[in-house]
There are 2 protein chains.
Amino acid sequence: MGKLKVYADRMSQPSRAVLIFCRISGIDFEEIKVDISKGQHLSPDFTEVNPLQKVPAIVHGSLKLFESHAILVYLASAFTGIADHWYPTELSRRAKINSVMDWHHSNLRNGAVNYVINTTLAPALGRQLNPKAATEAENVLLSSLKTLEDIWLNGDGGFLCNGIQPSLADLSMVCELMQLEVLDERDRSRILSPYKKVLQWIENTRTATNPHFEEVHNILYRAKKKFEQQRARTAETRTGPSNKPG
Amino acid sequence: MGKLKVYADRMSQPSRAVLIFCRISGIDFEEIKVDISKGQHLSPDFTEVNPLQKVPAIVHGSLKLFESHAILVYLASAFTGIADHWYPTELSRRAKINSVMDWHHSNLRNGAVNYVINTTLAPALGRQLNPKAATEAENVLLSSLKTLEDIWLNGDGGFLCNGIQPSLADLSMVCELMQLEVLDERDRSRILSPYKKVLQWIENTRTATNPHFEEVHNILYRAKKKFEQQRARTAETRTGPSNKPG
């Protein structure tokens with residue numbers, strides 16, 4: 001079987017989760033960049049890999065696979081030497097991890113991705129910002145954060161379902177929340193700061209997966225700076241030039 | 001370990017999928033009705049089972065589990081004698097089934113459930129019908145049906161991912177589409193009739209899982225009749241009494 005190919009755009013949350021998992025698990029793989037902002041996900045070559053034209057996707061031998069949770073579960077099962085905490089073999093524990101990963105789609109993912117797109121990222125994707133959709137998404141996001149804080153992070157384990165080490169679910173969902181980095185910093189803080197366990201969990205997952213976590217997120221930190229500069233320029237245009245020397 | 005308890009409302013699509021799977025797999029279980037229209041999902045007893053107050057949920061020994069896909073996967077793994085086609089042990093095949101089940105949440109589920117609620121079921125759930133949300137949901141539903149027809153049902157197998165027998169994904173997604181039964185029949189036909197493979201696949205899944213499929217769906221057929229009568233009465237009120245003798 002040929003080397004695993006991972007088609008990813010590091011600006012995509014689930015792409016980052018798959019890349020970090022491959023790196024921390026010592027999986028030998030080739031990263032193939034699919035730049036969504038350049039429309040590379042629409043190319044005929046990539047459509048051959050994933051007819052739904054979304055990242056991440058993998059090719060492993062004759063298997064072409066997409067949907068990041070299915071990819072993560074496949075990798076944790078198909079490669080040897082993967083630490084058991086990522087996708088526990090014990091059935092009850094595995095069931096809980098599957099439960100939180102299934103919950104994610106219509107809740108945290110739905111809220112976070114639509115809030116970030118409709119407040120910030122839409123123009124870079126050739127779409128319009130949509131304040132009404134952003135408000136609806138914010139409601140879903142805040143409700144999901146409350147569920148994370150009160151239910152999924154209940155206990156002293158520091159990870160989801162009272163885990164003491166990260167699972168595939170922790171990695172997927174923390175990468176999702178990291179996307180909030182591109183928001184205005186006051187807005188990001190307003191949304192996240194009431195959820196103390198969530199904030200600690202993000203740090204726990206970052207620590208448990210470094211240096212890979214920070215390396216794979218570097219592109220997001222650069223995007224964060226770019227959006228900060230754009231917002232500063234927009235504010236200056238609105239209020240006129242400041243008195244400070246340029 | 002005590003007998004499996006399945007908390008379900010047969011008016012809920014994922015509840016039906018879990019019940020049909022238990023019955024066809026010969027799992028010894030107790031069905032506990034949670035009537036959503038009577039608010040029974042909000043009771044303290046059920047909140048102990050599922051703090052998110054949604055059906056289906058199961059209790060099996062010390063495990064409390066919700067999210068229907070996680071439940072189905074757990075049951076297929078924890079009980080003996082389950083036919084392999086439901087959740088294949090071969091990793092590539094299993095990965096494909098996981099992929100389509102992950103895709104389901106933000107696509108077919110999102111479109112179908114919100115269309116049915118916002119055109120038909122909302123009043124029974126104490127909510128208002130919302131035509132604008134219905135239009136948005138219809139777009140997601142139609143796009144999901146096209147993906148089912150062109151991609152997931154590609155091939156001659158008759159089931160998802162070119163399967164020749166049903167998987168957990170087939171059961172989950174066909175139960176979702178069955179919810180369209182409560183729509184006005186012309187509307188249901190308008191939505192589904194362009195998708196010939198989808199229609200055949202619904203029949204294939206029904207046949208493969210009968211008599212359990214029809215028995216568990218009976219409540220839905222009764223609801224369909226009730227909604228038909230309501231629509232007829234509303235139409236009569238609008239047009240005035242007919243000339244025909246009562």
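The values are calculated or read from the model by the stated rules, or taken from the named source; none is laboratory data. What you see is a predicted model; the values in this text were computed from it and never measured. Glycine gets a Cβ as well: all are built from the backbone with ideal geometry, and neighbour counts include every protein chain shown.
Here are some residues: A:Leu142, A:Leu153, A:Leu183. Which one is at pLDDT 95 or above, within 14 Å of another protein chain (Cβ to nearest Cβ) and out of contact with any strand residue (DSSP E or B) (no Cβ under 8 Å at 6 or more places or on another chain)? Write out each step before concluding.
On the way: A:Leu142 fails: within 14 Å of another protein chain (Cβ to nearest Cβ); A:Leu183 fails: within 14 Å of another protein chain (Cβ to nearest Cβ).
Exactly one of A:Leu142, A:Leu153, A:Leu183 is at pLDDT 95 or above, within 14 Å of another protein chain (Cβ to nearest Cβ) and out of contact with any strand residue (DSSP E or B) (no Cβ under 8 Å at 6 or more places or on another chain), namely A:Leu153.
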Residues being more than 23 Å from A:Met11 (Cβ to Cβ) and either in contact with a Pro (Cβ under 9 Å, 6 or more places away or on another chain) or among the β-branched types (Val, Ile, Thr) (or both): count how many of those fall in the range A:38-94. 7
How many residues are in contact (Cβ under 8 Å) with a residue 40 or more places away in the chain and of a type in the set (A, V, I, L, M) if we restrict to the range A:128-157? 5
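Criterion first (of a type in the set (D, E, K, R), surrounded by 14 or more Cβ atoms within 10 Å (Cβ to Cβ) and closer than 21 Å to A:Ile97 by Cα) does A:Glu149 satisfy it? First the steps, then the outcome.
Numbers: of a type in the set (D, E, K, R): yes; surrounded by 14 or more Cβ atoms within 10 Å (Cβ to Cβ): yes; closer than 21 Å to A:Ile97 by Cα: yes.
Yes: the conditions hold for A:Glu149.
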Single match in A:Ala95, A:Ala133 (criterion: farther than 20 Å from A:Cys175 by Cβ, within 14 Å of chain B (Cβ to nearest Cβ), of a type in the set (Gly, Ala, Ser) and surrounded by 21 or more Cβ atoms within 10 Å (Cβ to Cβ)): A:Ala95
Can you find a residue that is surrounded by fewer than 20 Cβ atoms within 10 Å (Cβ to Cβ) and within 25 Å of B:His69 (Cβ to Cβ) anywhere in the range A:10-21? no
Give me the pairs: first residue in the range A:220-238 and in the same structural domain as A:Val182 (by TED's automatic domain parsing), second residue part of a helix (DSSP H, G or I) and of a type outside the set (Asp, Glu), beta-carbon distance under 6 Å, and six or more apart or on different chains, which are they? A:Ala223/A:Val182; A:Lys224/A:Val182; A:Phe227/A:Val182
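Report yes if some residue within the range B:182-193 is surrounded by fewer than 14 Cβ atoms within 10 Å (Cβ to Cβ), out of contact with any helix residue (DSSP H, G or I) (no Cβ under 8 Å at 6 or more places or on another chain) and touching a residue at least 40 places away in the same chain (Cβ under 8 Å); otherwise report no.
Filtering the range B:182-193 for residues surrounded by fewer than 14 Cβ atoms within 10 Å (Cβ to Cβ) gives B:184-186, B:189-190, B:193.
After this cut, where a residue has to be out of contact with any helix residue (DSSP H, G or I) (no Cβ under 8 Å at 6 or more places or on another chain) as well, the list is B:186, B:189-190.
Next, only the ones that are touching a residue at least 40 places away in the same chain (Cβ under 8 Å) stay: none.
The answer is no; no qualifying residue exists.
Within the range B:108-130, restricting attention to residues that are of a type in the set (S, T, N, Q) and in a helix (DSSP H, G or I), which residue is nearest to the other protein chains (Cβ to nearest Cβ)? Show your work before the answer.
Here is the first cut: in the range B:108-130, the ones of a type in the set (S, T, N, Q) are B:110, B:114, B:118-120, B:128, B:130.
Now narrow it down to the ones that are in a helix (DSSP H, G or I): B:110, B:114, B:118-120.
Numbers: B:Asn110: 7, B:Asn114: 10, B:Asn118: 14, B:Thr119: 19, B:Thr120: 20 Å.
It comes out as B:Asn110.
Give B:His41, B:His105, B:His69, B:His60 a once-over and let me know the one that is at the interface with chain A (Cβ under 10 Å from one of its Cβ atoms) and either at pLDDT below 95 or over 25 Å from B:Leu160 (Cα atoms) (or both).
Working: B:His41 fails: at the interface with chain A (Cβ under 10 Å from one of its Cβ atoms); B:His105 fails: either at pLDDT below 95 or over 25 Å from B:Leu160 (Cα atoms) (or both); B:His69 fails: either at pLDDT below 95 or over 25 Å from B:Leu160 (Cα atoms) (or both).
Only one candidate passes the filter, namely B:His60.
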